[in-house]
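Here the structure comes first, spelled out in structure tokens, and everything after it is commentary.
The values are calculated or read from the model by the stated rules, or taken from the named source; none is laboratory data. Keep in mind that what you see is a predicted model, and the values were worked out from it rather than measured. Cβ atoms come from the backbone with ideal geometry, glycine included; neighbour counts cover every protein chain shown.
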Amino acid sequence: MTKQEVIISHDLNGDVERAIRRCPHDRLFVLTDTTTLRLCWPLVGGLPSLREAHMITIGDTDENKTLASLTHVWTALQQGGATRHSLLLNLGGGMVTDLGGFAASTFKRGMAYINVPTTLLSQVDASVGGKTGINFGGLKNEIGVFNCAATVILSTDFLRSLDMKNLLSGYAEMLKHGLISDEESWMQLLRFDIEAPDFGRLGSLVAKSVAIKEGIVEQDPTEQGLRKALNLGHTAGHALESLALEGGHPVLHGYAVAWGLICELYLSTVKCGFPTERLRQAVGFIRQHYGEFDFNCKQYEHLYEFMRHDKKNEADIINFTLLGGIGDIRINQQASKDDIFEMLDFLREGL
Ligand code: GLY
């Protein structure tokens, strides 16, 4: 996996044009979903180098991150005459960049791709770091490969049309990056008013957040060790997300991560001495902006089972990434069923 170029863009059109020109190709394809085709494509579609591009469009929710959509993309590449020297530009949220990245990585054993992520969540997480894939057999991101985009272009121009829930969803991953980084980054995020954002300032925070992720991915691109730091909040968070989905009341990924952070910072306090005052601060911020996750103690067993089946585990052991303090990362921490039930009590009842 080679290092990717991440551009914090202040000139979206110029940066997209230059990124395409820097990547020699015979044919150019653009992947959008139905929403990004309508809302985001107009921001770049007039560029000279995109005039001849073959457009490919898929459905616009995570339910479309399937083998059927992937087949649709492979077919469109084949029918459009794509070769190993063609280029795919993915314009969309995490679903588009993950699926498009996987389609490009596997078509004729791999062609280059560029990510232009259009949601805050995909800008600070999915589009950077080379994780590509699709959902399969009822499991998220079950099939995929590590393979970086040639270039990732991050522009706040796309964030202005995002609704507040999607902004908050992305912000949860930024909170995670602050927690695994340092006190200053964490405090900057707590002080920023994400519900009335200054987009210039948000752009700087995004740049910092992505730099934190890149620093980790560079050291451990295929998640053998340190990259597990990026799973903070996700063992519990994925279980909450799966429970909500199964119950017919899906929650946005970042909301589940925010509630997962409450859970795993609590475990961090119990098992690694994470300071109570910091826990109180994080819980206060998350409750204020993300509200409460609606569940009861009859669902604990089910949540426990979801955690046991998380693909990040080895054998039957549930692995957590915890913190001894802000930036003091402790990977491969195990918790008993009693610990996990106590953690869920904490999520329901608080301090
Ligand atoms: N989303 C976590 C990672 O990229 O490793």
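The condition (being under 23 Å from Thr119 (Cα atoms) and in contact (Cβ under 8 Å) with a residue 12 or more places away in the chain) is satisfied by just one residue among Gly225, Gly237, Gly215: Gly237.
Among the residues of the range 88-106, is any farther than 15 Å from Val145 by Cα and hydroxyl-bearing (Ser, Thr, Tyr)? Checked the range 88-106: no residue is farther than 15 Å from Val145 by Cα and hydroxyl-bearing (Ser, Thr, Tyr). Taking residues in the range 176-189 that are touching a residue at least 12 places away in the same chain (Cβ under 8 Å) and among the aromatic types (Phe, Trp, Tyr), and partners anywhere that are crowded, with 21+ Cβ neighbours inside 10 Å and not in a loop (DSSP other than H, G, I, E, B), the pairs with Cβ atoms closer than 9 Å and at least 6 places apart or on different chains are Trp186/Leu175; Trp186/Gly178; Trp186/Leu179; Trp186/Ala282.
Restricting the search to helices (runs of 4 or more DSSP H) fully inside the range 1-94 and requiring at least 2 residues that are surrounded by fewer than 18 Cβ atoms within 10 Å (Cβ to Cβ) gives 12-22, 34-39, 67-79. If Gly273 meets every condition in (1) within 23 Å of Lys337 (Cα to Cα); (2) out of contact with any helix residue (DSSP H, G or I) (no Cβ under 7 Å at 6 or more places or on another chain); (3) within 11 Å of the ligand (Cβ to nearest atom) apart from one, which number is that one? Exception for Gly273: condition (3).
Each row is one residue, and each column tells you yes or no for (1) under 25 Å from Leu190 (Cα atoms); (2) outside any loop (DSSP other than H, G, I, E, B).
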{"site": "His238", "(1), (2)": "yes, yes"}
{"site": "Ala244", "(1), (2)": "no, yes"}
{"site": "Gly248", "(1), (2)": "no, no"}
{"site": "Leu261", "(1), (2)": "yes, yes"}
{"site": "Leu267", "(1), (2)": "yes, yes"}
{"site": "Gln281", "(1), (2)": "yes, yes"}
{"site": "Phe295", "(1), (2)": "no, no"}
{"site": "Phe306", "(1), (2)": "no, yes"}
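Take the conditions among the small types (Gly, Ala, Ser), touching a helix residue (DSSP H, G or I) at 6+ places or on another chain (Cβ under 8 Å) and surrounded by fewer than 24 Cβ atoms within 10 Å (Cβ to Cβ) and apply them to Ala103. Does it pass?
On the way: among the small types (Gly, Ala, Ser): yes; touching a helix residue (DSSP H, G or I) at 6+ places or on another chain (Cβ under 8 Å): yes; surrounded by fewer than 24 Cβ atoms within 10 Å (Cβ to Cβ): no.
Spelling it out, it is not the case that Ala103 is among the small types (Gly, Ala, Ser), touching a helix residue (DSSP H, G or I) at 6+ places or on another chain (Cβ under 8 Å) and surrounded by fewer than 24 Cβ atoms within 10 Å (Cβ to Cβ).
Out of all the residues in the range 226-247, is one or more surrounded by 14 or more Cβ atoms within 10 Å (Cβ to Cβ), more than 16 Å from the ligand (Cβ to nearest atom), under 14 Å from Val124 (Cβ atoms) and under 21 Å from the mean Cα position of the chain (by Cα)? No, the range 226-247 contains no residue that is surrounded by 14 or more Cβ atoms within 10 Å (Cβ to Cβ), more than 16 Å from the ligand (Cβ to nearest atom), under 14 Å from Val124 (Cβ atoms) and under 21 Å from the mean Cα position of the chain (by Cα). Looking only at residues of the range 295-320 that are modelled with pLDDT of 95 or more and either closer than 14 Å to Tyr266 by Cβ or charged (D, E, K, R) (or both), we find that the one that is surrounded by the fewest Cβ atoms within 10 Å (Cβ to Cβ) is Lys298. For the range 321-344, the candidate set comprises residues that are outside any loop (DSSP other than H, G, I, E, B) and of a type in the set (S, T, N, Q); within that set, the residue that is nearest to His238 (Cα to Cα) is Thr321. Scanning the range 230-255 for residues that are farther than 13 Å from Leu344 by Cβ and either in contact with a His (Cβ under 7 Å, 6 or more places away or on another chain) or among the polar types (S, T, N, Q) (or both) yields Asn231, Glu241, Ser242.
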